Amino acid sequence: MTSNDSSWGGRRRRACGALLLLLACVAAAAVQASAPAAVAPQARGVWRFADDGVVFDNRQEGARLGGVRRAGDGRYGVAVTPETQPINPSPWYGFRVAAQRPRTVEIALDYGAFRHRYRPWLRRAGEPGWRAAGGDEFALGDDGVARLTLALDDRAVEVFAQQPIGIGEVERWSAALAARVGGQVETIGRSVQGRPLQALAFGEPAAPDLVLVLGRQHPPEITGMRALLAFVDALAGDDARARDFRARHRVLVLPLLNPDGVAEGHWRGNANGADLNRDWGPFREPETRAAAAAIAAQLDGGARRLAFAVDFHSTWYDILYTVTEDPSRAPGGLLRGWMDDLQTRFPERIRERPGPAGASAVFKNWAFRAYGAPVATYEVGDATGEAETAELARFAAERLMARLAAQGTTP
Ligand SMILES: [Zn+2]
């Protein structure tokens, strides 16, 4: 953290100065006291470089900025730092930068021992949306250094590792979808820092089969989040197939299981620095405990069957992980048919990589061991575009609904 690293300068004003934020910091410290494994929250603040008239800050949700170092006139290094180590190499960053007078600045992303992964996205205050940094704005040098060259003025530019999808956006999506199809949004528990964990349920309340959709265990995995939204939107569609599907199935969606990690710009973990997708079994974390309880409640002591489960993530390329010993992967099985549909439609793009369920505490393996469910980890490439992500996810949902209808509701 910057507080321990005097080489990262600028005159930073700590966000905890204000009374309300001070109280929040005290509350956060109390949470840490009861959970000794908790990682220190990111130091939120403002880095001012008066000589250059340039200001950085990391106060918005999802931001992550470990410090700013001035390397020369209009030249800076920003520290991209994880919440804990060792950690999966997903170096997420997010910050805002502005200049009092129009000028160009050069910003190097300093990953420490990690390598560049996410090409930056930009949004200028007053402009409608995010855009990928252009070729004249971003370069990854032969030396591995990622450099931004930005033409700034007094309208702040947000620089994020991916086009963010925030907690509020997912909550609004859940509420709108529930209103559209007569579903319910429920708070199933609280995160380590006390944020509500939301579940969205829709479909036939008395249906014997449940379809389970899980997402955002890992905060930086935005392309997977986007696929989840398109997949569930298709299940909630107004076409005949989707309406018929909802008449015969219950759907439970846990769209954003790690809100603390999303808010803090974590690379991987929750507020305790724990990887939630290694906690299905130990259940040491409140997020996974709440999710498992909500799933168990929907399955109602075996009265309802888990017909299919899918957990959305992102990685370097599109790939689906399945469970080797899952009988539904055999010819005639639900997972085999679904996977064949995807591979036939997207032959160059969709790979399946089965692995043994073993004793691993990954969600997929737990869902198979606990409920014998056909299950997949659905990974979307970091750089897979918005339209192709949505196209594949919609197709995956349509083929799942068609395969479930063909299979009927016989166990
Ligand atoms: Zn992941």
* Structure fact -> per DSSP, antiparallel bridges as share of beta bridges in region 167-407, % nearest 5, sits at 35
* What FRET efficiency, computed as 1/(1 + (r/R0)^6) with R0 = 30 Å and r the Cβ-Cβ distance, is obtained for E391 and A176, rounded to the nearest 0.05? -> 0.90
* Asked: Taking only protein heavy atoms and a 1.4 Å probe, what accessible area per residue, in Å², does the chain have with all protein chains in place?
  -> 42
* Asked: What is the chain's relative contact order, in percent, from Cα pairs under 8 angstrom and six or more apart in sequence?
  -> 14
* Express in nm, to one decimal, how much length is gained between A133 and E61 on full extension, taking 0.36 nm for each residue of separation and deducting their alpha carbon distance. => 23.9 nm
* Treating the angle as unsigned and between 0 and 90°, give the value, to the nearest 10°, between the Cα long axis of helix 286-299 and the longest Cα principal axis of the chain. => 20
* To do: In nm, give the distance between the simple-model label positions of R103 and D51, each being 7 Å from the Cα along the Cα-to-Cβ direction.
  => 1.0
* Fully extended, how many nm does the chain gain between A406 and D238 (0.36 nm per residue separation, minus their Cα-Cα distance)? -> 58.5 nm
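To the nearest 0.05, what FRET efficiency results for Q184 and A303 with a Förster distance of 22 Å applied to their C-beta separation? Don't skip to the end; give the middle numbers.
Numbers: r = 19 Å, r/R0 = 0.85.
The calculated FRET efficiency here is 0.75.
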* Asked: Using a ≥ b ≥ c from the Cα gyration tensor of region 42-106 (square roots of the eigenvalues), is it rounded, prolate or oblate, where a/c under 1.5 gives rounded and otherwise the larger of a/b and b/c decides, a/b for prolate?
  -> prolate
* **FRET efficiency, D142 to E325 (Cβ-Cβ, R0 45 Å, nearest 0.05)** => 0.50
* Working from Cα positions, state the angle (0 to 90°, nearest 10) between the long axis of helix 334-345 and the longest principal axis of the chain. => 60
* **Beta bridges per DSSP with both ends in the chain, % antiparallel, nearest 5** => 65
* Asked: Where the centre of each part is set by its Cα atoms, how far does region 319-335 sit from region 36-58, in angstrom?
  -> 47
* Using a 1.4 angstrom probe on the protein heavy atoms only, line up R268, R394, R349 by accessible area, largest first. => R394, R349, R268
* To do: Please report, as a whole percent, how much of the solvent-accessible surface of the chain comes from carbon and sulfur atoms (probe radius 1.4 Å).
  => 52
* To do: Report, in degrees rounded to the nearest 10, the 0 to 90 angle that the Cα long axis of helix 386-407 makes with the longest principal axis of the chain.
  => 20
* **Spin-label zone in region 92-135 - amide nitrogen under 14 Å from a point set 7 Å from the Cα of Q85 along the C-beta vector** => 110-115
* Structure fact -> region 61-131 and region 152-231 have their Cα centres apart by a whole-number Å value of 25
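The values are calculated or read from the model by the stated rules, or taken from the named source; none is laboratory data. Predicted model, so just to flag it, every value in this text is computed and none were measured. In this analysis, Cβ positions are derived from the backbone assuming ideal geometry, glycine residues included, and neighbour counts consider all displayed protein chains. SASA here: full protein model, heavy atoms, side chains in, ligands and nucleic acids out. Shrake-Rupley method; radii C 1.70, N 1.55, O 1.52, S 1.80 Å.
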